[in-house]
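Novice: Let me begin by handing over the structure; questions about it come next.
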Amino acid sequence: MDEFSESLRLTVQLLVSLEPELVEIVSLSLSVSVSATVLAALIGLPLGAAVAVLRFPGRSALTALLNASMGLPPVVVGLAVYLLLSRAGPLGELGLLFTPQAMVIAQCLLITPLIAALARQTLADLDENCREQLQVLDTRPLNMVGALLWDGRFSLITAVLAGFGRAIAEVGAVIIVGGNISGVTRVMTSTIALETSKGNLALALALGLILVTITLSINLLVTGVQNVATRRYA
Amino acid sequence: MMPLKVSGVRMERNGRALLDEVSFCLAANGVHVILGPNGAGKSLLLRVLHGLIEPDSGQIEWAGRTPVAAQPELGMVLQQPVMLRRSVLSNLTFALARKGVPRRQRKAQALRALAHAELESLAHQPAPCLSGGEAQRLAIVRAWVQRPKVLFFDEPCANLDPRSTYKVEALIREISASGTQIILTTHDLAQARRLASEVLFLANGQVQEHTVADLFFRSPRSLEAAAYLEGQLLL
């Protein structure tokens, strides 16, 4: 118990002092996961909308694949990206392994299917509602995809948030492709894992608190915005 | 677009004939009212004529073209129109965009249409928040700005109060006067009397009679129509 309260004291001290190392870790975490989420949303939202709206052969197989890959294990995604980016790998020449970019790629691959699958579900419901109306307004299939993405914009925020939550919380992929190099690729989750194993609980706990606080506040903020907007367009 | 020739259209679901050998020809200009009790197959017939649904058998020709080929010139106001989740004005600019109207001209055209529907003051309100009557009028001008040659209305005044019904019917007359052909379903005799130039009476998925409106209301030829006009419940 003593150790725990000592850790808590250290945690508060760390938070108050805003040590450069801490700030660096937090900001790298945020920039990697935000970049990954933006990229994944740019790919995943249109993909999910297309699967929801367009009728093509293999559509239900693709839906099943998307749904299944919501549960991709981060370490496996990390391993795949590692193999791609390693010296001997097909993209080895880019020299991206053990850089923040590699972490962005890994997290993006991890959450794109999640965002696409959630978007597909949301927009399939909306599609059922609007399809005939859009048809009688002479809307071509591709315009239908665009119209539904726009009409579902407030509901889609949830899909993007879920992606961000998974990205910022995962540790397996970033450790494998980032290498957890101090000052270069060390993010909140990988530092927590490392410091805990070293017995340095104060730093780990401080980072844990920050991680939870950031995730919660972003979620609360966005949910608030979403509620206001949904009420307006209910 | 006219004449519209329909011959032997049949649709069956679960062994029940929803449309039973429907044949007719619409040639004259005006407001064609498809009248009949609920469940007669009116909405289904409208969807088949528009090409939204393909019949099991039978032929439909819009001046020699299939419904799907004619679709760009057909408009439809659904019984429960869906408002896109954007402003009233954007609902109209969306419709204009689908017809390839250049971006610069959309807003002016949309505002003119809003004036017809008496909705100018609501231009920037979110469309899903409109009242029933306002939504119906927006749906009508949204279909009309696309300048269809034929405009379908599916029970345009179901669930509207008399005041809203009056405004909607005024709008329909205005559209008809502009030269657009109107095909409208209703189960409301009074509305049919007010609007129809021709009546197609549908019951049990069959065309019971197709007559000029005056004649239909004075002396219907079919027993079913006579019973309906007398206010008997057609079951």
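Read the figures in this text as sums done on the coordinates, not as results from a lab. Keep in mind the model is a prediction, meaning the values are calculated, not measured. Virtual Cβ from ideal backbone geometry, glycine too; neighbours counted across all protein chains shown.
Novice: Can you compute the label reach from residue A:2? Point 7 Å from Cα along the Cβ direction, backbone N cut-off under 18 Å, restricted to segment A:185-221.
Specialist: It comes to A:200-202, nothing else.
Novice: So if I take the centroid of the Cα atoms in segment B:42-118 and the same for segment A:71-142, what is the distance between those two points in Å?
Specialist: One Cα centre to the other: 35 Å.
Novice: Across the protein assembly as shown, how many lysine pairs, 8 or more apart or on two chains, come within less than 18 Å at their alpha-carbon atoms?
Specialist: For the protein assembly as shown, the number of qualifying lysine pairs is 4.
Novice: Return the long-range amide H neighbours of residue B:77 (sequence gap of 5 or more, or a different chain), with a cut-off of under 5 Å between placed amide H atoms.
Specialist: B:152, B:153, B:154
Novice: Could I ask something else about it? How far is helix A:74-85 tilted, in degrees, relative to the longest principal axis of the Cα atoms in chain A, given as a value from 0 to 90 rounded to the nearest 10?
Specialist: 90 degrees
Novice: If all Cα-Cα distances of the protein assembly as shown are sorted into 20 Å bins from 0 onward, what percent lands in each bin, rounded to whole numbers?
Specialist: That works out to 20, 39, 24, 14, 3, in percent per bin.
Novice: Next question, about the same structure. Show that you can apply the helix-only estimate: for chain A, add -39,500 (n - 2.57) for every DSSP H stretch of four or more residues, divide by all residues, and state [θ] at 222 nm to the nearest 500.
Specialist: Theoretical 222 nm ellipticity from helices: -27000 deg cm²/dmol.
Novice: FRET efficiency for residue A:124 and residue B:1, Cβ-Cβ distance as r, R0 = 45 Å, nearest 0.05?
Specialist: 0.85
Novice: For chain B, give the share of DSSP beta bridges that are antiparallel, in percent and rounded to the nearest 5; count only bridges with both residues there.
Specialist: Rounded to the nearest five, the antiparallel share is 55 percent.
Novice: Continuing with the same structure: Counting other Cβ atoms within 10 Å, keep those with at most 15, restrict to DSSP loop, and tell me which trypsin sites (Lys or Arg not before Pro) in segment B:168-219 are left.
Specialist: Here no loop site has a sparse enough neighbourhood.
Novice: Decide, for chain B, between rounded, prolate and oblate: order the square roots of the alpha carbon gyration tensor eigenvalues as a ≥ b ≥ c, take rounded if a/c falls under 1.5, and otherwise choose prolate if a/b is larger than b/c, else oblate.
Specialist: Prolate, since a/c reaches 1.5 and a/b exceeds b/c.
Novice: Rank B:84, B:46, B:96 by mean-square fluctuation in a GNM of chain B with C-alpha springs under 10 angstrom and give only the top-ranked residue.
Specialist: B:84
Novice: Any idea what angle helix B:88-98 forms with the longest principal axis of chain B, computed on alpha-carbon atoms, 0 to 90 degrees, nearest 10?
Specialist: Around 70 degrees separate the two axes.
Novice: Normalised by the number of residues in segment B:4-229, what is the relative contact order in percent for Cα pairs under 8 Å and 6+ residues apart?
Specialist: Relative contact order for segment B:4-229 comes out at 28 percent.
Novice: Can you work out ³J(HN,Hα) from phi for every residue in segment B:53-60, in order, using Karplus 6.51 cos²θ - 1.76 cosθ + 1.60 and θ = phi - 60°, giving whole Hz and x for Gly and Pro?
Specialist: Along segment B:53-60, the couplings run 10, 8, x, 5, 8, x, 10, 10 Hz.
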